[in-house]
Protein chains: 2
Amino acid sequence: MAMEAAFIGIDWGTTNLRAWLLTAEGQSLEARSSARGMSGLDPADFASTLEGILQGWPTDLPVLACGMVGARQGWIEAPYVSLPAAPPSLGDRLILAPASRRVLIVPGIAARDPQGRLADVARGEETQAIGAAAPGPGLLVCPGTHSKWIRTDGPRILDLQTFMTGELYGLLSSQSVLRHAIGSKAQPGDAFRQGVEDMLQGRPLAEALFSVRVQSLDGRLATIDAASRLSGLLIGAEVAAGMARFGFSPVRLVGNPELTSLYASALAQAGYQAVEVIDGDQAVCRGLAHIWNARP
Amino acid sequence: MAMEAAFIGIDWGTTNLRAWLLTAEGQSLEARSSARGMSGLDPADFASTLEGILQGWPTDLPVLACGMVGARQGWIEAPYVSLPAAPPSLGDRLILAPASRRVLIVPGIAARDPQGRLADVARGEETQAIGAAAPGPGLLVCPGTHSKWIRTDGPRILDLQTFMTGELYGLLSSQSVLRHAIGSKAQPGDAFRQGVEDMLQGRPLAEALFSVRVQSLDGRLATIDAASRLSGLLIGAEVAAGMARFGFSPVRLVGNPELTSLYASALAQAGYQAVEVIDGDQAVCRGLAHIWNARP
């Protein structure tokens, strides 16, 4: 039996746009991607940009889109749904975009503090989390520009914490005084592990960052290792803070191999056992299908 | 008795060049400044840039210069002097620059760990510290792009720690996702104090930064307060780490009023008593005179 496309899934983030022809179970039959992320687009550009990437795919298929496309600065705002959230509560609040075909936008999620005030937010990771979550209680780590730690219970999202790790790494490695020390990409070797170790032992991040420059000044840190040390410090600070906040649980790591290899190393060093790695694209496709099937 | 110029003092940093006509006691008779910092100059440019700013001042006066001008990427390298360091050990290691007049460069300082490895470095702040130090044991906090905490005993420099606070603030406030929240300069009011408090209570910096965006999303943090909260978090992280490293001592805060007002607020909040504020320029001029008079 040939598999049939049930809908089109979209992950429309700040810097990228990805599209999949999906079965009802979230299996990808075809995939496309472009660099036309939400940050370069005016609200009036979204409909035509979408038609561009969908060219040649069946025009009668409905579209389900997650990510920053639903932000206030995106195509049309899909207001945050407060945690706990699950496929039905998200499927209940899909927002119809102003397009000639049927395009539904997945809302973001909002964690609230005990006083009911906004404590954290995510857009896109709610879909990834639903697609990647284990049965029963678990913890998801989604590395990226803004890493998200997400506590789940099956497809139910309970709690959320954002770390600006990727953005800090990008700014510090390319624009701060540390850029002089840095000559290659971060790798999960000794220099990375030493950076992680410094943070797990409780050294303050504010104090440790300049060590990348100091250690390179006397040749102790080779140019090839400086990026790894900086990455180890930043990811180590994230893991130490995430561990303090969420404790130990079975962890699933969701993302692309370049980042997940670093995070798997840091999480193992912190004592997280048997971290399972889930491909980020696959998680989004599965999550979109869960939400799609949970529409009222 | 009219006061007489004994030498010319120079503070040549990464982004600025400042010059003073100084008495033997380090009193400024005339001051000049320019934006021709070391980072925009090739080694061949230094001599003519110096003559430019000194135009009209007596050509027979010797020049003593501190700051990044003595870095490897500067005019001529003045190798770091290991701590402990005092005016005589610095005056002993002045480096003669290749210029038509007599120009001496003050060496930077290097802290070493118990294994003798490089632990931290400073250039320019050694001179500021010597000029600002109290009699007897004390702690200097010199805020800036790279803030320095310096432990002193009179004019003897014992220990040193760098924090990249100013550089982090600059990058995060102008180039990260937090820039959308930020609409004015940091002030030492409630939003600043709340940021400092979060850090003094031990919240990890990695976890707290994204709160600037989250709190502005629901209007809880006004545009006018976001810069103050970010500044409070970063300065608070520095103060918490500095306090853990150096403990409580009489503190002298050295710098310009815009920064010292924020740091004075954060240090008081952390429990430092009666912080004394010293003007940064005055400290450099006095320090240059101490080193000048300690030449062999």
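The values are calculated or read from the model by the stated rules, or taken from the named source; none is laboratory data. No experiment lies behind these values; they were computed from the predicted model shown. Cβ atoms come from the backbone with ideal geometry, glycine included; neighbour counts cover every protein chain shown.
Is it the case that B:D60 is charged (D, E, K, R) and either under 20 Å from B:W75 (Cα atoms) or in contact with a Gly (Cβ under 6 Å, 6 or more places away or on another chain) (or both)? It is false that B:D60 is charged (D, E, K, R) and either under 20 Å from B:W75 (Cα atoms) or in contact with a Gly (Cβ under 6 Å, 6 or more places away or on another chain) (or both).
Here is a check on your reading of the model: is B:S39 hydroxyl-bearing (S, T, Y) and at pLDDT 95 or above?
No.
Apart from one condition, A:K185 fits all of (1) of a type outside the set (A, V, I, L, M, F, W, C); (2) within 14 Å of chain B (Cβ to nearest Cβ); (3) in contact (Cβ under 8 Å) with a residue 12 or more places away in the chain; the exception is (2).
Checked against (1) within 14 Å of the chain's Cα centre (by Cα); (2) more than 21 Å from A:W12 (Cα to Cα), A:R156 passes all but a single condition, namely (1). Restricting segment B:68-77 to residues that are under 18 Å from the mean Cα position of the chain (by Cα) and of a type in the set (A, V, I, L, M, F, W, C), the residue that is surrounded by the fewest Cβ atoms within 10 Å (Cβ to Cβ) is B:M68. Looking across segment B:1-60, the residues that are without any contact (Cβ under 8 Å) to a residue 40 or more places away in the chain, outside any loop (DSSP other than H, G, I, E, B) and small (G, A, S) come down to B:A19, B:S33, B:S34, B:S39, B:G40, B:A44, B:S48, B:G52.
Within segment A:262-276, the residues that satisfy the criterion of being in contact with a strand residue (DSSP E or B) (Cβ under 9 Å, 6 or more places away or on another chain) and surrounded by fewer than 16 Cβ atoms within 10 Å (Cβ to Cβ) are A:Q273, A:A274, A:E276. Within segment B:153-172, the residues that satisfy the criterion of being more than 17 Å from B:V141 (Cα to Cα) and touching a helix residue (DSSP H, G or I) at 6+ places or on another chain (Cβ under 6 Å) are B:L168, B:Y169, B:L171, B:L172.
Taken over segment A:239-271, the residue count meeting the criterion of being outside any helix (DSSP H, G or I) and either closer than 22 Å to B:L205 by Cα or assigned by TED's automatic domain parsing to the domain that holds A:V284 (or both) is 3. Applying the selection to segment A:125-139, what residues are within 14 Å of chain B (Cβ to nearest Cβ) and in contact (Cβ under 8 Å) with a residue 60 or more places away in the chain? Selection gives nothing. Note on segment B:173-187: among residues that are among the polar types (S, T, N, Q) and in contact with a helix residue (DSSP H, G or I) (Cβ under 8 Å, 6 or more places away or on another chain), the one that is farthest from B:L83 (Cα to Cα) is B:S184.
Of the residues B:P114, B:P79, the single one that is modelled with pLDDT under 95 and either touching a strand residue (DSSP E or B) at 6+ places or on another chain (Cβ under 9 Å) or not charged (D, E, K, R) (or both) is B:P114.
Annotation: B:Q27 fulfils all but one of (1) buried (at least 21 other Cβ atoms within 10 Å of the Cβ); (2) within 17 Å of B:Q128 (Cα to Cα); the unmet one is (1). The residue of segment A:149-168 that is farthest from the other protein chains (Cβ to nearest Cβ), among those that are of a type in the set (V, I, T) and in contact (Cβ under 8 Å) with a residue 60 or more places away in the chain, is A:I157. Checked against the criterion of being at pLDDT 95 or above, of a type outside the set (S, T, Y) and assigned to a helix (DSSP H, G or I), the candidates A:I224, A:I130, A:I157, A:I150 yield just one match: A:I130. Each residue in segment A:78-112 was checked for being within 22 Å of A:S48 (Cβ to Cβ) and surrounded by fewer than 15 Cβ atoms within 10 Å (Cβ to Cβ), and 4 pass. When you scan segment A:194-203, how many residues do you find that are in a helix (DSSP H, G or I) and either surrounded by fewer than 21 Cβ atoms within 10 Å (Cβ to Cβ) or more than 9 Å from every other protein chain (Cβ to nearest Cβ) (or both)? Residues in segment A:194-203 being in a helix (DSSP H, G or I) and either surrounded by fewer than 21 Cβ atoms within 10 Å (Cβ to Cβ) or more than 9 Å from every other protein chain (Cβ to nearest Cβ) (or both): 6 in total.
Give the residues of segment A:112-122 that are outside any strand (DSSP E or B) and within 11 Å of another protein chain (Cβ to nearest Cβ), sorted by residue number. The answer is A:D113, A:Q115, A:G116, A:R117.
Cβ-Cβ contacts under 7 Å between residues 6 or more apart (or on different chains), taken from a first residue in segment A:169-180 that is within 20 Å of A:E238 (Cβ to Cβ) and at the interface with chain B (Cβ under 10 Å from one of its Cβ atoms) to a second residue that is part of a helix (DSSP H, G or I) and not aliphatic (A, V, I, L, M), are listed as A:L171/B:Q175; A:S176/B:E167; A:L178/A:R213.
A single entry from A:A237, A:A191, A:A241, A:A206 fulfils the requirement of being among the aliphatic types (A, V, I, L, M), in contact with a helix residue (DSSP H, G or I) (Cβ under 8 Å, 6 or more places away or on another chain) and more than 8 Å from chain B (Cβ to nearest Cβ): A:A191. The residues of segment B:188-224 that are basic (K, R) and either in contact with a Leu (Cβ under 6 Å, 6 or more places away or on another chain) or without any contact (Cβ under 8 Å) to a residue 40 or more places away in the chain (or both), listed by number, are B:R203, B:R213, B:R220. Across segment B:209-219, the number of residues qualifying as over 11 Å from A:A119 (Cα atoms) and either facing chain A (nearest Cβ under 8 Å) or modelled with pLDDT of 95 or more (or both) comes to 1. Can you name every residue in segment B:95-111 that is in contact (Cβ under 8 Å) with a residue 24 or more places away in the chain, farther than 16 Å from B:V284 by Cβ and more than 10 Å from every other protein chain (Cβ to nearest Cβ)? Result: B:I95, B:A97, B:P98, B:A99, B:S100, B:R101, B:R102, B:V103. Of these, B:A191, B:A208, which one is among the aliphatic types (A, V, I, L, M) and under 27 Å from A:S211 (Cβ atoms)? The unique qualifying residue is B:A208. Taken over segment A:272-296, the criterion of being more than 30 Å from A:F7 (Cα to Cα) and touching a Phe, Trp or Tyr at 6+ places or on another chain (Cβ under 7 Å) is satisfied by A:Y272 alone.
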